[in-house]
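The values are calculated or read from the model by the stated rules, or taken from the named source; none is laboratory data. The shown structure was predicted, so the numbers you read here are calculated from the model rather than taken from an experiment. Note that each Cβ is placed from the backbone with ideal geometry, even for glycine, and that neighbours are counted across all protein chains shown. Note: accessible area is taken over every heavy atom of the protein model, side chains too, but ligands, DNA and RNA are not part of it. Shrake-Rupley method; radii C 1.70, N 1.55, O 1.52, S 1.80 Å.
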Amino acid sequence: MYSSAHHQFHIPVMGIAFTIDTPVKVARFGISSVISIVEDRLIEMMRKHYYPTIHQQYQPITIEEDDYRAKRITDYLNLVNTIVKQQVERLKMAAFETGSEIVKYFEMLPDTSALKKMYRQMMNCSNYHEKEKLEIYLRTQIRAGSIDVNILTKPDRNYYNKKGEIIEDGSDAVAALRGYVKSELNNSSVIFSAGMNPRLYNYLGTCKEFDVNEDGGFTKKVIVKVSDYRSALIQGKYLAKKGIWVSEFRVESGLNCGGHAFATDGFLMGPILEEFKNNKAELVDALFEIYNPAQQKRSNRKFNYPPQIIISAQGGIGTHEEDDLLHHHYNIKSTGWGTPFLLVPEATTVDDATLKLLSDAKEKDVVLSRNSPLGIRFHYLKNTSAETEKLLRISKGKPGSPCTEKHLASNTEFTVEPICTASHKYQKLKIAQLQSLNLPAAAYEKQLSNVLAKECLCIGLSNPAAINNKESFVKNLNAVSVCPGPNIVNFSSIVSLQTMTNHIYGRENILTNNNRPHMFIAELQLYLNYFKEQLEENIVADQLAKTKKYLAAFFNNLKDGINYYHRIKGLIENYSNQFFTALRVAENELDYLNLQYSISEDQYVTKESHLYI
């Protein structure tokens, strides 16, 4: 039933609640999207909300039940699957008339689609019998977008039984995977993000549901989100040894993205995608060489040809021209449009107050913060209700949050049992420690600021669904956090699903910033700012000499990226002058930093790029 072939984009996971029910909103129109399955309390709340919509009684799955997290996830995914199937059947029966969902389905398809062309032929057909035949055929071609799930690999808290023993295969990530595996979803994918988790990947290797079917396809597929080619090769090989084939590598910009930002060492999106394009055959061969014997040992099956691997990309895409460049120059199969969809209530779940903040957001409002308890940089929108609540607690001398969910509890600096760095318990202990160290004032204030920045994301990123559905997530904790990418500043209109789809396919333009830089330039500027920040921090900490090798590599990778963009600037038609000027500015800025701090000894400042002037 499910296929993503009709559309050329997908909606990535966003936060926790923002895409928690996105398939219910968009899958019937053939659009694929991703649900976060990390927060089982939220999932239970969504079960309670959606069962009445299909006239079935909600049966709670309580925390007293064995394996309750996995059971909640399985049942919610099955519920979403049931709803989408019913929606698709109704859509197939609709009349081809203005305003109907079947018309909306075909109107939203890309104009290059053969199905879209056939739809137009049918609409313009004057012969009744021929028109009827075309209608019947078109109805048979309707496919729902895939219902995919995301598992953040790093927060993988253990659970304990009444005897205090760790529950085997009961950790957050493993239980979430088990919940997905046991669901009825087919032609669906699990996306692993935030790096490799051996425990999780080892459990994945025991799941036969990811084996190749008799027809050569997969019922359930594996997607790994990566920031570069090396990461894809390492993780792909690790999983191949377990007999698991990675069907898709989803390349995300290290800094031009929403939520957690995993900065590369100066490697830029364009060169990274070029490496995937040039080395894809080698990647497939390298993984298949390991996968085939592992599968033979695992299932006594040997394959003559490797299964398909596709490359997708996401992070900062904002125009049809950029989307088209990714598809046609880099051979990207699907592009991820995340942040702009936060302004599409028909697709995502965002409360009204936060929706207005997103709509009004300016460049100064989106920061690469230190707010995440994971210690990973985190794109964050300022002035949210969660930030207001956090600052109020600090002003009252009671910093930190109650920690009810504990999904991000990973710090054992002061305790045997891991606690969350956003919790009141941790911040009280950490501040007391800082006060005892007699640090210089500037050092103390900097470290204190980093401690106080941490924010409860489990609740803040879940609350939009509770607010919109008039439910209670955690009693008396109603504040909302939101984590758009920097691209949000270029979009301010709250639009329909069809309008956003039209924008993606170049039929409309909803950008509000006419001076918006190309996505490659926007990312380059983010990396330049990040590099300058790294330099300043190392100078203040008197660590410049110790980190010079890292900084020199970062510098040289940025230079390589700029030189690469000089070579392809002819492909950036609508941005050519602006693109070239921005490259020169970035180049000059890097050269100045090198002269000031003697970062790189290679003396290759702009030596290649001048060939393209």
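Here are the numbers:
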{"read-out": "Matching residues, segment 289-313, being farther than 20 Å from residue 276 by Cα and of a type outside the set (Phe, Trp, Tyr)", "value": "292, 293, 294, 295, 296, 297, 298, 299, 300, 301, 302, 304"}
{"read-out": "From the options 105, 76, residue that is assigned to a helix (DSSP H, G or I), among the aromatic types (Phe, Trp, Tyr), open to solvent by less than 60 Å² (accessible area, probe 1.4 Å) and over 26 Å from residue 224 (Cα atoms)", "value": "105"}
{"read-out": "Residue list for segment 511-529, restricted to those being under 12 Å from residue 318 (Cβ atoms) and assigned to a helix (DSSP H, G or I)", "value": "519, 520, 521, 522, 523"}
{"read-out": "Criterion (in contact with a helix residue (DSSP H, G or I) (Cβ under 6 Å, 6 or more places away or on another chain) and modelled with pLDDT under 95) met by exactly one of 513, 594", "value": "513"}
{"read-out": "Unique residue being closer than 29 Å to residue 533 by Cα, open to solvent by less than 10 Å² (accessible area, probe 1.4 Å) and in contact (Cβ under 8 Å) with a residue 24 or more places away in the chain when the list is 318, 375", "value": "318"}
{"read-out": "Meets criteria (over 30 Å from residue 161 (Cβ atoms), open to solvent by 20 Å² or more (accessible area, probe 1.4 Å) and of a type in the set (D, E, K, R)) for residue 85", "value": "yes"}
{"read-out": "Residues satisfying the stated conditions in segment 390-410, i.e. open to solvent by 60 Å² or more (accessible area, probe 1.4 Å) and not in a loop (DSSP other than H, G, I, E, B)", "value": "391, 392, 395"}
{"read-out": "In segment 539-568, residue nearest to residue 583 (Cα to Cα) [restricted to those that are free of Cβ contacts under 8 Å to residues at least 40 places away in the same chain and polar (S, T, N, Q)]", "value": "547"}
{"read-out": "Odd one out for residue 291 among (1) open to solvent by less than 20 Å² (accessible area, probe 1.4 Å); (2) of a type outside the set (A, V, I, L, M, F, W, C); (3) in a loop (DSSP other than H, G, I, E, B)", "value": "(3)"}
{"read-out": "Residues being over 21 Å from the mean Cα position of the chain (by Cα), small (Gly, Ala, Ser) and farther than 16 Å from residue 425 by Cα - total across segment 358-411", "value": "3"}
{"read-out": "Residue satisfying condition, being without any contact (Cβ under 8 Å) to a residue 12 or more places away in the chain, open to solvent by 10 Å² or more (accessible area, probe 1.4 Å) and in a helix (DSSP H, G or I), within set 508, 536", "value": "536"}
{"read-out": "Complete set of residues in segment 147-166 that are assigned to a loop (DSSP other than H, G, I, E, B), farther than 21 Å from residue 420 by Cβ and of a type outside the set (S, T, N, Q)", "value": "162, 163, 165"}
{"read-out": "Flag for residue 46 being open to solvent by less than 10 Å² (accessible area, probe 1.4 Å) and of a type outside the set (Val, Ile, Thr)", "value": "yes"}
{"read-out": "Segment 198-210: number of residues that are open to solvent by 20 Å² or more (accessible area, probe 1.4 Å) and in contact with a helix residue (DSSP H, G or I) (Cβ under 6 Å, 6 or more places away or on another chain)", "value": "2"}
{"read-out": "Residue 413 part of a loop (DSSP other than H, G, I, E, B), surrounded by fewer than 19 Cβ atoms within 10 Å (Cβ to Cβ), at pLDDT below 95 and not small (Gly, Ala, Ser)", "value": "no"}
{"read-out": "Residue list for segment 378-410, filter: farther than 30 Å from residue 69 by Cβ and either among the basic types (Lys, Arg) or free of Cβ contacts under 8 Å to residues at least 12 places away in the same chain (or both)", "value": "382, 391, 392, 395, 396, 397, 398"}
{"read-out": "Residues of segment 8-36 classified as part of a loop (DSSP other than H, G, I, E, B), open to solvent by less than 10 Å² (accessible area, probe 1.4 Å), over 20 Å from residue 372 (Cα atoms) and of a type outside the set (A, V, I, L, M, F, W, C), total", "value": "2"}
{"read-out": "Matching residues in segment 182-193 - criterion: being outside any strand (DSSP E or B), of a type outside the set (S, T, N, Q) and under 15 Å from residue 222 (Cβ atoms)", "value": "185"}
{"read-out": "Failed criterion for residue 64 (all others in (1) open to solvent by 50 Å² or more (accessible area, probe 1.4 Å); (2) without any contact (Cβ under 8 Å) to a residue 40 or more places away in the chain; (3) part of a helix (DSSP H, G or I) hold)", "value": "(3)"}
{"read-out": "Residue in segment 297-312 that is assigned to a helix (DSSP H, G or I) and either buried (at least 19 other Cβ atoms within 10 Å of the Cβ) or charged (D, E, K, R) (or both) present", "value": "yes"}
{"read-out": "Subset of segment 536-568 that is aliphatic (A, V, I, L, M) and more than 28 Å from the chain's Cα centre (by Cα) - its residue that is nearest to residue 586 (Cα to Cα)", "value": "552"}
